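The values are calculated or read from the model by the stated rules, or taken from the named source; none is laboratory data. These numbers were taken from a predicted model, which means no experiment stands behind them. Backbone-built Cβ (ideal geometry, glycine too); neighbour counts: all protein chains shown.
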Amino acid sequence: MSPDSIAKLGLGTIGAHAGVHQTNELENSDPIFLTSSFSFESAAQAAAVFAGEADGNIYSRFTNPTVRSFEERLAALEAGEACIATASGMSAILTTILGLLESGDHIVSSRSIFGTTTGLLQMLAKFGVQTTFVDLTDMNAWARAITSRTRLLFLETPSNPLNEIADVAALAALAHGHPNCLLVVDNCLCTPVLQQPLRLGADVVVHSATKYLDGQGRCVGGAIVTTAERIRDKFFPLLRAAGPSMSPFNAWVFLKGLETLKLRMEAHSASAQHIASWLIQHPRVERVFYPGLADHPQHALAERQQRAFGGVVSFTMRGARAAAWQVVDHTKLFTITGNLGDSRSIITHPATTTHGRLKAEQRESMGITDSLVRLSIGLEDAADLISDLDQALGRN
Ligand SMILES: Cc1ncc(COP(=O)(O)O)c(C=O)c1O
């Protein structure tokens, strides 16, 4: 199917059909090309492909048909022109920065991002790239932080773990009001099923495929989706030279994940909404952070910008760290791990795990307190998750 006809289809259909290239074997499921290199029929053909004068696969660091199928499927879902797959979400973010910035350039980033991304942005200072961190929802702070060397605005929306919502269209307009300044959105929590940042004006979408794109907690991977020109000129040469590449096996797992993405995101969101509404009335719970709740500060924006509110629910306990750990230690259906987006529900204490390596004052400025608990709602029955949370909350 051509990219133009694919683009007219619904997201469930795109997830099942984009990037399919049946071979002569007429297989009905995507094949895995588990090979490190590809052969040529002649020296002349090898020379032409290596020189970029003829199409063909060379070496799986930068050309592999299974990886390409995943790239095509994700690009179609994100309504982007092209994609490159990477070994992890972090390598997608690093590749984005290395491809677009040079020494002396500046990034303005939301403060409310994944802890390791904060660490990566801080590490870039030694290569001459400085980052200013701002409050995700404070448009004036974003505008004030931009300098003549700002090349990127970077954000996650909803933020992890507090589910704050950024106005993507407004931030895209702000970025585009400055020369050579682009908006990069980490779309890990929503996935293209719930939100397509490129349609809202963002320039680049990055993913940790490790989360919902896989959806069953099996593989680590990442991706960058943007224009074909940017992929060709900025990111592909870096992929070829530096090798932050996705393995074909992982690409195949993610391809299968994309086939069920729409169904899963709808199910995660429906259960999360139910559980957030239950948590908010629990006497041991102080505050619930979920954009689907009417009292969420950016509920109206989330309703406008997203198709549903996602599968992550965070809440603070009345009490300190001990109260949060008590819940973490006593749920039976939630696994204690730092991942999210799995079919199995997950419980995390962000202050001592995913955001544990940040300085205490950095965590405080992000609102990640010791009594905060993050839930990634899986595909189990919501009633079972609620009775499990009920018994764990009752331990306090
Ligand atoms: C929002 C977000 N972006 C990026 C990453 C990094 O992805 P990966 O673990 O695949 O490198 C994570 C990981 O938790 C994340 O939550």
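Quick notes on this structure:
- Subset of the stretch 317-343 (residues that are part of a loop (DSSP other than H, G, I, E, B) and either within 16 Å of the ligand (Cβ to nearest atom) or of a type in the set (Gly, Ala, Ser) (or both)): Gly319, Ala320, Thr337, Gly338, Asn339, Leu340, Gly341, Asp342, Ser343
- Of all residues making up the stretch 86-106, the number that are of a type in the set (A, V, I, L, M) and within 13 Å of the chain's Cα centre (by Cα): 3
- Any chance Ala141 is closer than 13 Å to Ser112 by Cβ and either part of a helix (DSSP H, G or I) or not assigned by TED's automatic domain parsing to the domain that holds Val108 (or both): yes
- For the stretch 344-360, the set of residues classified as farther than 19 Å from Ala272 by Cα and within 16 Å of the ligand (Cβ to nearest atom) consists of Ala351, Thr352, Thr353, Thr354, His355, Gly356, Arg357, Leu358, listed by residue number.
- Put simply, of Gly310, Gly292, Gly319 the only residue that is crowded, with 18+ Cβ neighbours inside 10 Å, at positive phi and touching a residue at least 12 places away in the same chain (Cβ under 8 Å) is Gly310.
- Subset of the stretch 324-359 that is under 11 Å from Pro161 (Cβ atoms) and in contact (Cβ under 8 Å) with a residue 60 or more places away in the chain - its residue that is surrounded by the fewest Cβ atoms within 10 Å (Cβ to Cβ): Thr354
- Among (1) in a loop (DSSP other than H, G, I, E, B); (2) in the same structural domain as Leu389 (by TED's automatic domain parsing) - the single one Ser277 does not satisfy: (1)
- Subset of the stretch 360-379 (residues that are without any contact (Cβ under 8 Å) to a residue 60 or more places away in the chain and not polar (S, T, N, Q)): Ala360, Glu361, Arg363, Glu364, Asp370, Val373
Residue by residue, here is whether (1) polar (S, T, N, Q); (2) modelled with pLDDT of 95 or more; (3) within 22 Å of Pro158 (Cβ to Cβ) holds:
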{"position": "Phe315", "(1), (2), (3)": "no, yes, yes"}
{"position": "Phe334", "(1), (2), (3)": "no, yes, yes"}
{"position": "Arg344", "(1), (2), (3)": "no, yes, yes"}
{"position": "Gly356", "(1), (2), (3)": "no, no, yes"}
{"position": "Gly367", "(1), (2), (3)": "no, no, yes"}
{"position": "Val373", "(1), (2), (3)": "no, yes, yes"}
{"position": "Asp390", "(1), (2), (3)": "no, yes, no"}
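- Restricting the stretch 105-134 to residues that are in contact with a strand residue (DSSP E or B) (Cβ under 9 Å, 6 or more places away or on another chain) and surrounded by fewer than 18 Cβ atoms within 10 Å (Cβ to Cβ) leaves a set whose member that is nearest to Ile165 (Cα to Cα) is Thr132.
- Residues of the stretch 86-123 that are within 22 Å of Pro179 (Cα to Cα), free of Cβ contacts under 8 Å to residues at least 60 places away in the same chain and not in a loop (DSSP other than H, G, I, E, B): Ile97, His106, Ile107, Val108, Ser109, Ser110, Leu121.
- Residue ID - farthest from the ligand (Cβ to nearest atom), chosen from residues in the stretch 98-129 that are modelled with pLDDT under 95 and of a type in the set (A, V, I, L, M, F, W, C): Ile113
- Just one residue in the set Thr95, Thr66, Thr86 is within 16 Å of the ligand (Cβ to nearest atom) and under 24 Å from Pro31 (Cα atoms); that residue is Thr86.
- Check on Val185, within 12 Å of the chain's Cα centre (by Cα), part of a strand (DSSP E or B) and within 12 Å of the ligand (Cβ to nearest atom): yes
Every residue, every condition in (1) part of a loop (DSSP other than H, G, I, E, B); (2) surrounded by 13 or more Cβ atoms within 10 Å (Cβ to Cβ), yes or no:
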residue: Asn28; (1), (2): yes, no
residue: Ser39; (1), (2): yes, no
residue: Ala48; (1), (2): no, yes
residue: Glu53; (1), (2): yes, no
residue: Phe62; (1), (2): yes, yes
residue: Ala79; (1), (2): yes, yes
